[in-house]
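Novice: Structure in structure tokens, see below.
The values are calculated or read from the model by the stated rules, or taken from the named source; none is laboratory data. Since this is a predicted model, take the numbers as computed values, not measurements. Cβ atoms come from the backbone with ideal geometry, glycine included; neighbour counts cover every protein chain shown.
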Amino acid sequence: MPHSASTRQDRHDLTEPIMTLTARQQAIKDDFIRIRNTWAPQWESILRMDCEFLNAYLHLSAVPLRHNHLENKVKEFIYIAVNASSTHLFSPGIQMHLKAAIEFGASRGELMEVLELTSTVGIHASNVGVPILLEVLNEEGLVPSAAAPDERREALKQHFIEDQGYWDVSWDALLNLDPDFFEAYAKFSAIPWQAGRLKPKVKELVLCALAAAATHLYKPGIKTHMRNAIRHGATQGEVMEMLDIVSVIGIHGALVGVPMLEESFNSPAASPTQRP
């Protein structure tokens with residue numbers, strides 16, 4: 001889990017060791033708490049199993065904290081989005097970064113808007129799938145049952161542009177083949193754009209983060225929302241910092257797995273020859 005404001009996921013003081021640590025382990029733990037202002041039992045487990053791995057992760061995840069191109073609460077919005085994405089759903093990270101965002105001054109409405117933006121990621125199934133359907137129909141000698149562009153489709157396209165500020169060719173096939181579904185999705189995805197709690201630049205950075213996450217890697221979305229963010233005023237440094245933040249979610253494998261690994265060797269059922 002990347003940086004957050006002060007948070008507690010264990011029941012002891014952040015600086016109170018739960019076991020005897022080596023001098024090196026204690027120094028890394030102290031650095032982690034100082035830099036990240038958080039600690040949790042999962043980190044303790046990684047610290048015991050391989051403190052140098054934890055130290056390397058600490059310095060990797062701290063890069064965007066040093067550069068500091070984005071507001072602290074905006075960093076947390078990005079963490080929340082990639083943790084809450086349907087492609088990841090890392091509950092401990094969602095909870096941790098919601099708390100951190102609130103401590104950095106985020107409002108209930110802003111956080112709801114982040115989660116609403118996150119909920120739109122499922123549409124990429126249609127963005128990718130509908131053009132493939134057209135290819136398959138063509139290969140099979142079948143004519144797609146879609147009408148030529150008409151007044152309704154053109155109106156739906158214009159409403160989408162007015163609500164969300166852009167159009168991309170990836171929407172063309174869906175609009176053509178299933179205007180009913182496109183209309184319903186357009187209304188659904190427009191909700192976080194209507195209240196205006198988050199700046200358009202921030203919305204686009206959140207959407208770009210969702211597409212860029214290792215659990216998704218949806219290239220058309222990365223480019224579209226990166227372009228949109230820049231057109232709304234995002235700097236190179238801000239976009240790069242968003243990518244830095246998203247690039248560390250691989251640590252969640254260790255956060256989940258290392259405590260299980262440690263328990264496997266420490267449990268009474270473990271063979272004495274297996275124990276460290």
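Novice: Report yes if some residue within region 104-112 is at positive phi, more than 13 Å from the chain's Cα centre (by Cα) and at pLDDT 95 or above; otherwise report no.
Specialist: Yes, region 104-112 has at least one match.
Novice: Does any residue in region 89-111 that is without any contact (Cβ under 8 Å) to a residue 60 or more places away in the chain come within less than 6 Å, Cβ to Cβ, of a residue that is surrounded by 18 or more Cβ atoms within 10 Å (Cβ to Cβ) and not in a helix (DSSP H, G or I) six or more places away or on a different chain, and which pairs are these?
Specialist: Matching pairs, first to second residue: none at all.
Novice: Say we look at region 233-273 and pick out the residues that are assigned to a loop (DSSP other than H, G, I, E, B) and touching a residue at least 40 places away in the same chain (Cβ under 8 Å); which of these is nearest to S170 (Cα to Cα)?
Specialist: T235
Novice: Right, next: Could you list, in sequence order, all residues of region 221-232 that are part of a helix (DSSP H, G or I) and closer than 21 Å to Y79 by Cβ?
Specialist: Listed by number, the residues that qualify are G221, I222, H225, M226, N228, A229.
Novice: Hey, among A155, A212, A190, which residue is surrounded by 18 or more Cβ atoms within 10 Å (Cβ to Cβ) and without any contact (Cβ under 8 Å) to a residue 60 or more places away in the chain?
Specialist: None of the other options fit; the residue is A212.
Novice: State all residues of region 139-152 that are in a helix (DSSP H, G or I) and without any contact (Cβ under 8 Å) to a residue 12 or more places away in the chain; if no residue qualifies, say none.
Specialist: Matches in region 139-152: E139, E151.
Novice: Test V202 against the stated conditions and say whether it is assigned to a helix (DSSP H, G or I) and either in contact (Cβ under 8 Å) with a residue 40 or more places away in the chain or in contact with a Cys (Cβ under 9 Å, 6 or more places away or on another chain) (or both).
Specialist: In short, yes.
Novice: Here are W167, W171: which of them is without any contact (Cβ under 8 Å) to a residue 60 or more places away in the chain, aromatic (F, W, Y) and outside any helix (DSSP H, G or I)?
Specialist: So the residue among W167, W171 that is without any contact (Cβ under 8 Å) to a residue 60 or more places away in the chain, aromatic (F, W, Y) and outside any helix (DSSP H, G or I) is W167.
Here is a yes/no grid of residues against (1) farther than 24 Å from V206 by Cβ; (2) at pLDDT 95 or above; (3) part of a helix (DSSP H, G or I); (4) out of contact with any helix residue (DSSP H, G or I) (no Cβ under 6 Å at 6 or more places or on another chain):
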residue	(1), (2), (3), (4)
D13	yes, no, no, yes
I18	yes, no, no, yes
Q26	yes, yes, yes, yes
Y57	no, yes, yes, no
H69	no, yes, no, no
E76	no, yes, yes, no
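Novice: Still on this structure: So is F182 surrounded by 18 or more Cβ atoms within 10 Å (Cβ to Cβ) and touching a residue at least 24 places away in the same chain (Cβ under 8 Å) or not?
Specialist: yes
Novice: Please specify each residue of region 78-97 satisfying the condition of being in a helix (DSSP H, G or I) and either on the phi > 0 side of the Ramachandran plot or surrounded by 21 or more Cβ atoms within 10 Å (Cβ to Cβ) (or both).
Specialist: If the condition is that a residue be in a helix (DSSP H, G or I) and either on the phi > 0 side of the Ramachandran plot or surrounded by 21 or more Cβ atoms within 10 Å (Cβ to Cβ) (or both), then I78, Y79, I80, A81, V82, N83, A84, G93, I94, M96, H97 are the ones that fit.
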